[in-house]
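Below is one structure, written out as structure tokens; the observations come after it.
The values are calculated or read from the model by the stated rules, or taken from the named source; none is laboratory data. Please read all numbers here as calculations on a predicted model, not as lab measurements. Virtual Cβ from ideal backbone geometry, glycine too; neighbours counted across all protein chains shown. Ligands, DNA and RNA are excluded from the accessible area calculation, which covers all protein heavy atoms including side chains. Shrake-Rupley method; radii C 1.70, N 1.55, O 1.52, S 1.80 Å.
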Amino acid sequence: MIEVAKACVASDDFQGVIGIMACHGIIPSEIARLEVTRGLASEIPHVVLPPGKTAHRKRVVPIMWGYDQVLDHVD
């Protein structure tokens, strides 16, 4: 998994970002509906996922690695 994550970061493109987010537990359909907020610029970078099967509560995912690529290709 570490090698997959490194390859996703190294590719530095949108496909790599999809891989980075998948490693963070975010699936492609959630990425497609993602509304980028100021969360990526927060002290702890994060994204708030759109309502899905957990519509009764917000799902916040901190971006622990691959931040630069996510910021460049999603923001």
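Quick check on the chain: helices-only [θ] at 222 nm, where DSSP H runs of length 4 and up contribute -39,500 (n - 2.57) each and the sum goes over total residues. Nearest 500, please.
So the helix-based figure for the chain works out to -12000 deg cm²/dmol.
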Inset, instruction - For the chain, calculate the relative contact order in percent as a whole number, restricting contacts to Cα pairs under 8 Å that are 6 or more residues apart. - result: 28
Inset, instruction - Over the chain, average the accessible area per residue using a 1.4 Å probe and give it in Å², no decimals. - result: 66
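So which chymotrypsin sites (Phe, Trp or Tyr not before Pro) in the chain end up in coil per DSSP with only 16 or fewer other C-beta atoms within 10 Å?
Values: sites: F14, W65, Y67; in loops: W65.
Answer in residue order: W65.
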Legend entry - Accessible carbon and sulfur surface of the chain relative to its total accessible area, %, 1.4 Å: 58
Legend entry - Only Lys, Arg (+1) and Asp, Glu (-1) charged, at Cβ; the chain dipole about Cα centre in debye: 520
Inset, instruction - Return one number: the angle in degrees, 0 to 90 and rounded to the nearest 10, between the long axis of the Cα atoms of helix 14-23 and the longest principal axis of the Cα atoms of the chain. - result: 70
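With a cut-off of at most 12 other beta carbons within 10 Å, and DSSP calling the residue loop, which GluC sites (Glu not before Pro) in the chain qualify? Please list them. It would help to have the intermediate numbers written out before the result.
Numbers: sites: E3, E30, E35, E43; in loops: E35, E43.
When the GluC sites (Glu not before Pro) of the chain are filtered for loop state and at most 12 Cβ neighbours within 10 Å, E35, E43 remain.
Quick one: if you take sqrt(5λ) for each eigenvalue of the C-alpha gyration tensor of the chain, what semi-axes come out, biggest first, whole angstrom?
Working: eigenvalues 80, 37, 23 Å².
Ellipsoid half-lengths, sorted descending, are 20, 14, 11 Å.
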Legend entry - Once exposed loop trypsin sites (Lys or Arg not before Pro) are cut out (DSSP; at most 11 other Cβ, 10 Å), longest piece of the chain: 1-32
